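The values are calculated or read from the model by the stated rules, or taken from the named source; none is laboratory data. Source: prediction; values computed, not measured. So basically every Cβ, Gly included, is an ideal-geometry build from the backbone, and we count neighbours across all protein chains shown. To get the accessible areas, we keep the full protein, side chains included, count just its heavy atoms, and leave off ligands, DNA and RNA. Shrake-Rupley method; radii C 1.70, N 1.55, O 1.52, S 1.80 Å.
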Amino acid sequence: YVHRAFVGVWSGSYDQLSFAHPQLYAVWLDALRSFGIPARLGVELAWVASAVYLARALRRFTGVALIGLPVAAFLLFHPYTILIFDRTLAETMLLVIVTACLGAGLDAWALRGGGRRWLLAVAGFSVLFALAYHWRKEGIALLAALAALAVLTVFARKRWWSLRGCASSCGAVMFAWPLVATLALGVALSTSNLVKCGNFTLFEVGSSRYSA
């Protein structure tokens, strides 16, 4: 990741390890390098922002004004989160993205009456879901969470799949939009790898053409 960020994610020489793993974390490191921000500081600032956003979204979702502060304090000052953010790894940044995605999902539901804020929440949820899916090879596990949510909607079909009181079907918002964003990002990344190395794949370890 660090090497690809240093030489430019799709620049520099190509070898069998250039795209062995998904490249979004290298893109993140490259962006931080461009602004002169240390990787450790970048992930910690992102974690603070995502934790505060989730706390605010949870307050809007539940309607409980006092819930935000203890949730933010728990996320930011729990010994485990302090421990894991001592290391700047792809996994720690994935936690940041998933936390922000959860907050955007709560906002998309709480603001489902329509309007600009609702559209921003939906767009944020879709983009963050796509980033989380493609951040690591294990991102496919997020589909299981989306499938579990889909099963739960069976017990509240009128609230999820009716257009009444919602500018668009809430089910379409929570399922179709993130999947479209995930597909679009996957095609964009695979196309970039095709241009660079002649292989239309997200990462070469997952490709049948990969050889060690």
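Laid out as a table, the results:
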| item | result |
| --- | --- |
| Calculated FRET value between THR62 and VAL195, using beta carbons and R₀ = 30 Å, to 0.05 | 0.05 |
| Cα-centred dipole magnitude for the range 64-153, charges only on beta-carbon of K, R (+1) and D, E (-1), debye, nearest 20 | 240 debye |
| Where trypsin sites (Lys or Arg not before Pro) fall in DSSP loop in the range 105-141, at most 15 other Cβ within 10 Å | none |
| Low-density loop positions, trypsin sites (Lys or Arg not before Pro), the range 52-91 - DSSP coil, at most 15 other Cβ in 10 Å | ARG87 |
| Theoretical gain in end-to-end length, LEU152 to ALA90 [0.36 nm per residue, Cα-Cα removed] | 19.2 nm |
| Full-extension gain in nm, LEU69 to ILE37, via 0.36 nm per residue minus C-alpha separation | 8.7 nm |
| Relative packing of 63-70, 40-47, which averages over residues the other C-beta atoms within 10 Å, highest first | 40-47, 63-70 |
| Å² per residue, accessible surface of the range 29-76 at 1.4 Å | 58 Å² |
| Pair ALA144, LEU83: separation of 7 Å Cα→Cβ label points (nm) | 2.3 nm |
